[in-house]
């Protein structure tokens with residue numbers, strides 16, 4: 001939906017044990033979300049934010065899951081002053097919300113759309129199932145050349161979820177490219193400003209990883225604009241910390257499904273110049289396989305639709321589970337996405353072309 005203030009419906013990103021409810025606005029305003037009569041304000045250290053084009057607040061999952069609805073509050077700014085600032089009357093938008101169910105969980109998986117919003121939505125509609133969880137797995141846009149490019153993520157989410165279900169979102173390698181790439185944490189879900197994190201949604205636990213770029217940092221294509229090796233070393237320590245806290249993470253008694261979500265399928269060694277970080281990625285696979293023991297790995301990047309099972313040709317490092325690569329941007333602007341239903345101890349899968 002759009003009107004004179006909201007560009008699209010809000011997006012309910014899942015991060016940790018919380019939801020990060022985010023919305024793009026057209027005019028200066030104060031922003032809040034109300035759940036069960038409690039108001040959560042968008043502020044920076046007690047100062048209400050009014051100049052941002054993207055607003056967001058963090059809400060405990062348990063609160064929104066039990067409420068099943070929330071309201072977005074916009075208070076248009078008339079004048080921001082050192083003394084006696086002035087606001088207009090508040091505007092309220094109500095949304096229903098459905099948490100991830102306990103059984104037969106319908107997931108829709110999209111990546112590498114490069115702006116093919118219409119066809120990506122059409123692929124979802126072809127699935128014939130209402131999603132309980134949407135995974136946006138990187139490269140929804142071609143680059144991060146301008147902040148306005150990030151609007152595509154919110155437009156796609158609006159068309160599929162209308163603010164009514166959780167979304168897990170990862171960063172792709174194209175998202176690191178462009179003058180606005182350093183501002184991506186303002187638009188993407190993060191934990192402690194990092195684009196890798198863990199998340200719980202109902203009985204699902206997921207480790208969201210970020211491989212950064214797909215060639216070495218000194219590649220001419222980047223011109224010195226990335227330092228992803230250092231970033232990945234920090235991420236390795238994060239994975240080890242997650243494992244140390246297993247009882248609070250994936251070993252929690254309510255968890256039935258363990259997922260890995262990353263744009264780059266790091267279980268595979270690619271041809272040069274994309275054959276980077278082999279020792280590091282092998283260590284990731286070993287840490288994850290020996291400790292987390294995931295059920296599925298949702299990956300993207302390769303513009304194809306297939307399932308790689310342990311021991312298959314695509315498995316370079318003894319992957320611990322099936323790797324689902326499930327989106328394909330076609331030359332004629334059509335697009336294929338992937339519908340996955342978690343059923344008991346297994347899953348069903350359908351590639352959907354739109």
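The values are calculated or read from the model by the stated rules, or taken from the named source; none is laboratory data. From a predicted model like this one, the values you see are computed outputs, not experimental measurements. Quick reminder, even Gly has a Cβ in these numbers, built from the backbone with ideal geometry, and neighbours come from all protein chains shown.
Here the strands (runs of 3 or more DSSP E) wholly within the stretch 28-136 that include at least 3 residues being on the phi < 0 side of the Ramachandran plot and touching a residue at least 24 places away in the same chain (Cβ under 8 Å) are 29-35, 54-60, 69-79, 91-96, 105-110. Look at residue 218 and say whether it is in contact with a helix residue (DSSP H, G or I) (Cβ under 8 Å, 6 or more places away or on another chain), assigned to a loop (DSSP other than H, G, I, E, B) and more than 21 Å from residue 131 (Cα to Cα). No; evaluated as a whole, the condition is false for this residue.
Applying the selection to the stretch 250-265, what residues are under 30 Å from residue 182 (Cβ atoms) and either surrounded by fewer than 16 Cβ atoms within 10 Å (Cβ to Cβ) or in contact with a strand residue (DSSP E or B) (Cβ under 6 Å, 6 or more places away or on another chain) (or both)? Of everything in the stretch 250-265, those that are under 30 Å from residue 182 (Cβ atoms) and either surrounded by fewer than 16 Cβ atoms within 10 Å (Cβ to Cβ) or in contact with a strand residue (DSSP E or B) (Cβ under 6 Å, 6 or more places away or on another chain) (or both) turn out to be 259, 260, 261, 262, 263, 265.
Quick check, is residue 268 in contact with a strand residue (DSSP E or B) (Cβ under 6 Å, 6 or more places away or on another chain) and under 22 Å from residue 112 (Cα atoms)?
Working: in contact with a strand residue (DSSP E or B) (Cβ under 6 Å, 6 or more places away or on another chain): no; under 22 Å from residue 112 (Cα atoms): yes.
No.
State whether the residues of the stretch 145-155 include one that is under 13 Å from the mean Cα position of the chain (by Cα), in contact (Cβ under 8 Å) with a residue 60 or more places away in the chain and within 18 Å of residue 325 (Cα to Cα). No: the stretch 145-155 contains no residue that is under 13 Å from the mean Cα position of the chain (by Cα), in contact (Cβ under 8 Å) with a residue 60 or more places away in the chain and within 18 Å of residue 325 (Cα to Cα). Restricting attention to the stretch 189-202, and to residues there that are surrounded by 18 or more Cβ atoms within 10 Å (Cβ to Cβ) and in contact (Cβ under 8 Å) with a residue 60 or more places away in the chain, which single residue is nearest to the chain's Cα centre (by Cα)? Once the filter is applied, the top-ranked residue is 189.
Scan 9, 4 and give me the residue that is more than 11 Å from residue 58 (Cα to Cα), in contact (Cβ under 8 Å) with a residue 60 or more places away in the chain and outside any strand (DSSP E or B).
Numbers: 4 fails: in contact (Cβ under 8 Å) with a residue 60 or more places away in the chain.
Within the list 9, 4, the selection yields 9.
Of the residues making up the stretch 178-215, those that are over 16 Å from residue 300 (Cβ atoms) and assigned to a loop (DSSP other than H, G, I, E, B) are 178, 179, 180, 187, 189, 190, 192, 193, 202, 203, 215.
Restricting attention to the stretch 206-246, the residues that are within 18 Å of residue 144 (Cβ to Cβ) and surrounded by fewer than 17 Cβ atoms within 10 Å (Cβ to Cβ) total 8.
Name the residues in the stretch 302-319 that are touching a helix residue (DSSP H, G or I) at 6+ places or on another chain (Cβ under 7 Å) and either closer than 18 Å to residue 170 by Cβ or crowded, with 22+ Cβ neighbours inside 10 Å (or both), would you?
First pass over the stretch 302-319, keeping only residues touching a helix residue (DSSP H, G or I) at 6+ places or on another chain (Cβ under 7 Å): 317-319.
Scanning the stretch 302-319 gives a single hit, 319.
Looking across the stretch 41-61, the residues that are in contact with a helix residue (DSSP H, G or I) (Cβ under 9 Å, 6 or more places away or on another chain) and surrounded by fewer than 19 Cβ atoms within 10 Å (Cβ to Cβ) come down to 52, 53.
Part of a loop (DSSP other than H, G, I, E, B) and surrounded by 13 or more Cβ atoms within 10 Å (Cβ to Cβ) - does that describe any residue in the stretch 339-348? So far as the stretch 339-348 goes, no, none of its residues is part of a loop (DSSP other than H, G, I, E, B) and surrounded by 13 or more Cβ atoms within 10 Å (Cβ to Cβ).
Looking at the structure I just gave you, is residue 247 in a helix (DSSP H, G or I), over 23 Å from the mean Cα position of the chain (by Cα), more than 16 Å from residue 284 (Cβ to Cβ) and without any contact (Cβ under 8 Å) to a residue 40 or more places away in the chain? Yes; evaluated as a whole, the condition is true for this residue.
Residues that are outside the structural domain of residue 134 (by TED's automatic domain parsing), within 28 Å of residue 171 (Cα to Cα) and modelled with pLDDT of 95 or more do not occur anywhere in the stretch 75-92.
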